[in-house]
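Asks: Pasting a structure below so you can have a look.
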Amino acid sequence: FFSVVPQLFALLPYYCTNSYPVSRMVPLPLLLNYFEQASKQLLSVADVEVAPSKLTLNWHRSRVVEAQLTALTDTLAEYDGRFDASVVQEVLREIGVGKFNNVDECNEELRKTLVKAMEQTNEAAREAFARSVLFVEMSDSSNQRNLNTQADLDRSTLMEYCGLAITAMRLPEIQRFLFDGTRVREDIKCEVFSTPEERLLYIQRLLWKAVGWEPDTASDQMKQLMEGNSELMKDTEVMETVMKYMSSVTVAATNASMGSDMAENMSTDGTTRVVNVTYSEKVVTSDTIQSLSAPTSNSMNEHKNEQQSLEQRQQRDVAKMRQAIHDEFMSLSPDEQSKTMAKAKQAQDAFLQQVMNTPPGAERVILMKSIDFETQKLLIIHKMCATGE
């Protein structure tokens, strides 16, 4: 569902002609070398000196593709023209769909290594795209766009926004920014906010602008979507993507609000004893669904201190409960852990099936609020094991 990610083997132009016989079989070391080079090149994508006055997401995409093209050029240069770029791109496309016929000397174990390297490079491309978008928006160099304030939110824009937000919530610099306001980069100065909720809202508003929508208008559209007043939620892929977005934003907000608890769990050597379980129970409340639609700046300003204190207490309680569940799981024997993980997977599958079979709106809110504690525990454990935390 991350359609925002440009894939080298789908978008780059074919090039490179030479006088050497061109092999149709591509050696595994060449491919692994390319993936390593591409991951390094993608780190520089966010280093933007001057952005165009009429900025579009395609400009960011082109920078990601250029980084991948540079990596491919550098990799092929080491092989003295024995491999044509068009051949390598075709092999990359084949690997993407599980075909390894044209990878030289590639057994089952090496295939797993190759697939893992490709997945890591694709994730690096997603992160590079999200960084480029956010850093340019934070630099305030994109004010000349006409933002949408009238039309209904379309499927493409919604998917693009959710994909960007999900990736952004995984970026270490964004997590630090949400936690305590640390600059994402020394040369980027942004507004100062006092709470994680305000910083999260700031990121959400930047991303709505990046996809061409006025944030308050987009917020209203998202609220209607959450309330079931949109045909888009009848689309299974859209619904699953929105739920992933809701989960990732809720987890990011909850983790950023755990400052005091994290400090309390620091060992004397400076390491953290807590293994963070990033499944948040807040996702099953109607208040969370409302808050994730990005409140307007006016409603943010009206947020009272009393409500903030209540939310902070709730977040501390959630953090303590998650830690207790984690400790309980870790105290089990390996055999008991395996059985619990299997039950957790079943609970996750059953929960997602229930959500997909429940109409959006009030019925879905009731479903989420009715999840019993034992099921919530299993969902937390599944999330913990799935993310290796």
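The values are calculated or read from the model by the stated rules, or taken from the named source; none is laboratory data. Only a predicted model underlies this, so the values are computations on that prediction, with no experimental measurement involved. A quick note on method: Cβ atoms are made from the backbone with ideal geometry, for glycine too, and the neighbour counts reach across all protein chains shown. When the accessible area is computed, the model is the full protein with side chains, heavy atoms only, and any ligands, DNA or RNA have been set aside. Shrake-Rupley method; radii C 1.70, N 1.55, O 1.52, S 1.80 Å.
Asks: What distance in nm separates the simple spin-label points at V50 and R155, each placed 7 Å from Cα in the Cβ direction?
Replies: The two pseudo-label positions are separated by 4.1 nm.
Asks: So how much slack lies between L352 and M330, counting 0.36 nm per residue of separation and subtracting their Cα-Cα distance, in nm? It would help to have the intermediate numbers written out before the result.
Replies: Numbers: separation 22, 0.36 × 22 = 7.92 nm, distance 2.56 nm.
Gain in length upon complete extension: 5.4 nm.
Asks: Under a point spin-label approximation (7 Å from Cα along Cα-to-Cβ), what is the E36-T73 distance to one decimal in nm?
Replies: Result: 2.2 nm between the two label points.
Asks: Right, here's the next one. Highest mean first, what order results for 63-74, 127-138, 234-245 on Cβ atoms within 10 Å?
Replies: Values: 63-74: 19.9, 127-138: 23.9, 234-245: 15.9.
Taking the mean over residues of other Cβ atoms within 10 Å, the ranking is 127-138, 63-74, 234-245.
Asks: When the solvent-accessible surface of protein heavy atoms is calculated with a 1.4 angstrom probe, in what order do W208, W59 fall, highest first?
Replies: Details: W208 5, W59 55 Å².
Ranked list, largest accessible area first: W59, W208.
Asks: Carbon and sulfur: what percent of the range 179-231's accessible surface (1.4 Å probe)? Mind dumping the intermediate values first?
Replies: Details: 1100 of 2500 Å².
C and S atoms contribute 44 percent here.
Asks: Amide H neighbours of D84 under 5 Å, at least 5 residues apart or on other chains, H built in the peptide plane: list them.
Replies: Placed amide hydrogens put S23 under 5 Å from D84.
Asks: Report, in listed order, any pair from K339/K383; K99/K383; K40/K112; K244/K320; K189/K209 with a Cα-Cα distance greater than 27 Å.
Replies: Numbers: K339/K383 15 Å; K99/K383 30 Å; K40/K112 21 Å; K244/K320 24 Å; K189/K209 18 Å.
Long pairs (Cα-Cα over 27 Å): K99/K383.
Asks: Give the distance, in whole Å, between the Cα centre of the range 48-120 and the Cα centre of the range 184-212.
Replies: 32
Asks: Another question, then. Per residue, how much accessible area does the range 21-85 show when a 1.4 Å probe rolls over the protein heavy atoms, in square angstrom? Could the numbers behind the result be given before it?
Replies: On the way: 3240 Å² over 65 residues.
Per-residue accessible area for the range 21-85 comes out at 50 Å².
Asks: Still on this structure, please answer the following. Say R0 is 30 Å: what FRET efficiency, to the nearest 0.05, do E109 and L57 get from their beta-carbon distance? Before the final figure, lay out each step's value.
Replies: Details: r = 38 Å, r/R0 = 1.28.
Approximately 0.20, to the nearest 0.05.
Asks: What does the accessible area of I371 come to, in Å² to the nearest 10, when a probe of 1.4 Å is used?
Replies: Solvent-accessible area, nearest 10 Å²: 20 Å².
Asks: On the Cα set of the range 58-164, report Rg and Dmax in Å, please.
Replies: 18.5, 57
Asks: What is the set of long-range amide H partners of W213 at a cut-off below 5 Å, with H atoms built 1.01 Å from backbone N?
Replies: N148
Asks: Subtracting the Cα-Cα distance from 0.36 nm times the residue separation, let me have the gained length for K116 to E214 in nm, one decimal. Don't skip to the end; give the middle numbers.
Replies: Numbers: separation 98, 0.36 × 98 = 35.28 nm, distance 3.83 nm.
Computed gain between K116 and E214 is 31.4 nm.
Asks: Something else: Quick one: what are the phi-derived ³J(HN,Hα) couplings along the range 74-87, Karplus 6.51/-1.76/1.60 with θ = phi - 60°, whole Hz, x for glycine and proline?
Replies: Using θ = phi - 60°, the values come out as 5, 5, 5, 5, 6, 10, 6, x, 6, 10, 8, 4, 5, 5 Hz.
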